[in-house]
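Student: Mind having a look at this structure? Questions to follow.
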Amino acid sequence: MCRPHYFDVRYSINPWMDPTKPTVTETSLSQWKRLHDLFVELGHRIDLIEPVPDLPDMVFAANGATVLDGRVLVARFRHSYRVGESPAYLDWFGERGWGEVRQAEYVNEGEGDFLLAGDTLLAGSGFRSDLRSHAEAQEFFGRPVLGLTLVDPRFYHLDTALSVLDRDEVMYYPAAFSPESREVLAERFPDAILAEEADAVAFGLNAVSDGLHVVLPEQARGLAGQLAERGFEPIGVDLSELLKAGGSAKCCTLELRPAPAAD
Ligand code: ARG
């Protein structure tokens, strides 16, 4: 995670960002800290990357890389405003001795667009990550990649439209995807939880699940109910300040998956 020390909305690269609307640093810091502390209470280990001045979106750590089997594919950002984040992640992983650390050749916004479901990487394109980044990720990680096309600019990253709850359980907002990708999702995840628009625009799909607890924006009440019906424990958090930049719980969270320990 990355503390929102320099968080602000100074430019607009998604429909949620309005640079004329003020952000309140104290509020973003306290909302983020509550999310951080909640993960700790749930038993997760949190590593922090130092925020860098003039990179106001760096709080969205999910975009920094994709990390799987100890291999690290560092992001290549679409917009110039965020390109400075990649060197920070290259250094962070390099200094900590992670195995293979490489920056993606094609535009690739990390876990914003790449989500692991079982052994498959679900990969979004349409707004940010380049279609060619899907093949690149498949070669880098040696895992099958299932490409999904996003069509609604409000849901510009895969993690704003779909959330992996467990190995093969997901929830998503169908209208965020092209008709073809909707068919692929229906086939692959016939029992998925389907989100209503009101929950999707509250960023309810930008959730972090450990297989039982699902941390999501508290405004997504419908989804919380659907999750509880399926036996999950939804935990609502208020990240309204970060939503001004088009991000919520999942965007703030990059999952680190080390290589399995050798016997
Ligand atoms: N303002 C950021 C951007 O548009 C928000 C990124 C949100 N991150 C995410 N994983 N969806 O790039």
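Quick note: the coordinates plus some simple rules give every number you see, no bench work behind them. A quick note: this is a predicted structure, and the numbers were derived from the prediction, not measured. FYI the Cβ positions are ideal-geometry reconstructions off the backbone, even for glycines, and counts take in every protein chain you see.
Student: Have a look at 175, 123, 65 and tell me which one the Gaussian network model of the chain (Cα, springs below 10 Å) gives the largest fluctuation.
Tutor: 175
Student: Also, I was wondering about something else. Between rounded, prolate and oblate, where does region 83-123 land on the alpha carbon gyration tensor, with a ≥ b ≥ c its root eigenvalues, rounded for a/c under 1.5, else prolate if a/b exceeds b/c?
Tutor: oblate
Student: Follow-up question, since we're still on this one. Normalised by the residues of the chain, what does the relative contact order come to in percent, with Cα pairs under 8 Å and at least six apart?
Tutor: Averaging sequence separation for qualifying contacts and normalising by length gives 20 percent for the chain.
Student: With an 8 Å Cα cut-off and a minimum separation of 6 or more residues, compute the relative contact order for region 51-149 in percent.
Tutor: That works out to 25 percent.
Student: Shifting gears a bit: Which percent of Cα pairs goes in each bin when the distances of region 173-263 are cut into 5 angstrom slices starting at zero?
Tutor: Over region 173-263, the share of Cα pairs per 5 Å bin runs 3, 13, 20, 21, 19, 13, 7, 3, 1, 0 percent.
Student: Between region 46-85 and region 91-135, what is the separation of their alpha carbon centroids in Å?
Tutor: 11
Student: At most 15 other Cβ atoms within 10 Å plus a DSSP loop assignment makes a site exposed; report the longest stretch of the chain without any exposed trypsin sites (Lys or Arg not before Pro).
Tutor: In the chain, the maximal stretch lacking such sites is 97-166.
Student: Here's a follow-up. Write down the Kirkwood hydrodynamic radius of region 60-196, to one decimal in angstroms, obtained as one divided by the mean of 1/r over all alpha carbon pairs.
Tutor: It works out to 15.0 Å.
Student: Quick check on the chain: helices-only [θ] at 222 nm, where DSSP H runs of length 4 and up contribute -39,500 (n - 2.57) each and the sum goes over total residues. Nearest 500, please.
Tutor: -7500 deg cm²/dmol
Student: Top mean-square fluctuation among 177, 189, 203, Gaussian network model of the chain, C-alpha springs under 10 Å?
Tutor: Comparing 177, 189, 203 in a Gaussian network model of the chain, the most mobile one is 189.
Student: Something else about it: How much space per residue, in cubic angstrom, does the convex hull of the C-alpha atoms of the chain take up?
Tutor: Dividing the Cα hull volume of the chain by its residue count gives 119 Å³.
Student: Can you tell me how region 1-78 classifies by the Cα gyration tensor, rounded, prolate or oblate, using a/c under 1.5 as the rounded cut?
Tutor: Taking the square roots of the gyration eigenvalues as a ≥ b ≥ c, region 1-78 is oblate.
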